[in-house]
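Undergrad: Dropping a structure here in structure tokens format, bear with me for questions.
The values are calculated or read from the model by the stated rules, or taken from the named source; none is laboratory data. Since this is a predicted model, take the numbers as computed values, not measurements. Virtual Cβ from ideal backbone geometry, glycine too; neighbours counted across all protein chains shown. Note: accessible area is taken over every heavy atom of the protein model, side chains too, but ligands, DNA and RNA are not part of it. Shrake-Rupley method; radii C 1.70, N 1.55, O 1.52, S 1.80 Å.
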Amino acid sequence: MNPYALSMLMSSLAMGTIITLSSSHWFLAWMGLEINTLAIIPLMTKMHHPRATESATKYFLTQAMASALLLFSAAMNAWVTGEWTIMNMNSYTPTTILTIALAIKLGIAPFHLWLPDVLQGLDMMTCLILSTWQKLAPMALLILTSHQLNANLLTLMALASAIIGGWGALNQTQMRKIMAYSSIAHLSWMTLVVSFAPGLALLNLTIYLMMTSSMFMMLMTLNATNMNKLSISWLKTPTLAASMMAGLLSLGGLPPLSGFLPKWLILQEMTKHHLGVLSTVMALSALLSLFFYLRLSYMISMTSPPNISNANLAWRKKNNPSLINPILVVLSTMLMPITPMLLM
């Protein structure tokens with residue numbers, strides 16, 4: 001892609017998110033979301049492949065429907081209250097429609113079906129943008145309006161996302177689909193706690209962004225799009241393979257890695273609100289996700305492919321020194337020591 005066109009599209013992505021984050025008026029927030037959607041579609045279709053075109057079409061249709069619902073809920077709320085401000089959503093019907101619109105935008109179950117198919121047709125860099133940056137604006141709106149949304153509906157969506165996110169990835173071999181279901185499972189924890197403690201949802205989002213970014217950057221370095229390619233990566237880049245194993249276990253939420261921190265604090269918060277059964281179901285559903293993360297860790301660290309060459313050593317990748325990946329790996333695996341500070 002032409003670098004000038006790429007810089008313009010990336011600037012539009014940043015501008016759309018910033019407009020939504022800084023707006024207090026529904027029309028401005030909607031405009032930022034629309035700029036975001038329109039800026040990423042050319043990035044999706046830059047591969048000139050029928051699968052990429054299909055992904056872009058699916059993404060455009062779902063996001064257009066979500067934007068229409070969001071604008072409809074804002075207009076209905078303005079009809080009832082006479083205001084367009086984001087913080088003033090008091091009616092039951094507009095808040096329910098808004099919850100559904102944001103769930104479609106984020107890919108929360110039961111409105112998740114577009115996410116795995118869309119990610120599977122894209123290159124890794126666009127998948128990274130779609131899984132991280134594109135979550136910021138809808139999640140900001142969800143956190144801003146969390147005290148006005150229907151808590152029961154959010155809880156049901158969170159339970160469905162946790163179960164579907166874990167179950168859906170069990171029989172997948174493509175890394176992009178596995179990361180899509182991982183995104184659905186992580187969003188379930190944010191959706192669950194956003195009504196009770198928006199600060200914890202923000203912490204979970206931050207750690208999710210760091211873990212997912214580091215994972216996609218490692219997959220791009222290894223050029224691994226499926227589990228078979230992942231299993232031979234330790235021959236080429238042993239250090240990166242070890243880092244990826246730690247990152248996968250962190251995504252699964254194993255202590256003492258960073259991924260355990262938000263899950264632990266969220267379960268603690270839910271227990272404080274006397275929601276023990278719900279906490280138990282969420283913890284058990286996290287085991288489904290943990291299974292496929294462990295399977296990937298096993299593939300990357302404990303399996304050796306059949307060696308058909310006479311050489312003892314495989315070709316090693318050239319080292320391209322970049323500080324971003326090591327920093328992200330460290331942050332996505334070693335944040336547990338700051339827990340006492342967060343608890344204070």
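Undergrad: Kindly indicate whether any position in region 152-167 is part of a loop (DSSP other than H, G, I, E, B), open to solvent by 10 Å² or more (accessible area, probe 1.4 Å) and either touching a helix residue (DSSP H, G or I) at 6+ places or on another chain (Cβ under 7 Å) or under 23 Å from L33 (Cα atoms) (or both).
TA: No: region 152-167 contains no residue that is part of a loop (DSSP other than H, G, I, E, B), open to solvent by 10 Å² or more (accessible area, probe 1.4 Å) and either touching a helix residue (DSSP H, G or I) at 6+ places or on another chain (Cβ under 7 Å) or under 23 Å from L33 (Cα atoms) (or both).
Undergrad: Can you confirm whether region 171-184 contains a residue that is out of contact with any strand residue (DSSP E or B) (no Cβ under 7 Å at 6 or more places or on another chain), surrounded by fewer than 21 Cβ atoms within 10 Å (Cβ to Cβ) and not charged (D, E, K, R)?
TA: yes
Undergrad: Next question, about the same structure. Going residue by residue through region 238-257, is there one that turns out to be within 18 Å of the chain's Cα centre (by Cα), in contact (Cβ under 8 Å) with a residue 60 or more places away in the chain and closer than 17 Å to T155 by Cβ?
TA: no
Undergrad: Could you check region 319-344 and list, in sequence order, the residues that are farther than 14 Å from M218 by Cα and either at pLDDT below 75 or among the aromatic types (F, W, Y) (or both)?
TA: Answer for region 319-344, where residues must be farther than 14 Å from M218 by Cα and either at pLDDT below 75 or among the aromatic types (F, W, Y) (or both): L342, L343, M344.
Undergrad: State all residues of region 124-134 that are in contact with a helix residue (DSSP H, G or I) (Cβ under 6 Å, 6 or more places away or on another chain) and either at pLDDT 95 or above or under 16 Å from K58 (Cβ atoms) (or both); if no residue qualifies, say none.
TA: Residues satisfying the conditions are T126, C127, L128, S131, T132.
Undergrad: Please list, ordered by residue number, the helices (runs of 4 or more DSSP H) wholly in region 20-116 having 1 or more residues that are without any contact (Cβ under 8 Å) to a residue 12 or more places away in the chain and crowded, with 16+ Cβ neighbours inside 10 Å.
TA: Counting at least 1 such residues, we get no helices (runs of 4 or more DSSP H) at all.
Undergrad: Still on this structure, I have one more. Is it the case that region 75-83 has a residue that's on the phi < 0 side of the Ramachandran plot and within 19 Å of the chain's Cα centre (by Cα)?
TA: Checked against the condition, which is being on the phi < 0 side of the Ramachandran plot and within 19 Å of the chain's Cα centre (by Cα), region 75-83 yields no hits at all.
Undergrad: Considering only region 196-212, state which residues are of a type in the set (S, T, N, Q) and surrounded by 21 or more Cβ atoms within 10 Å (Cβ to Cβ).
TA: N204, T212
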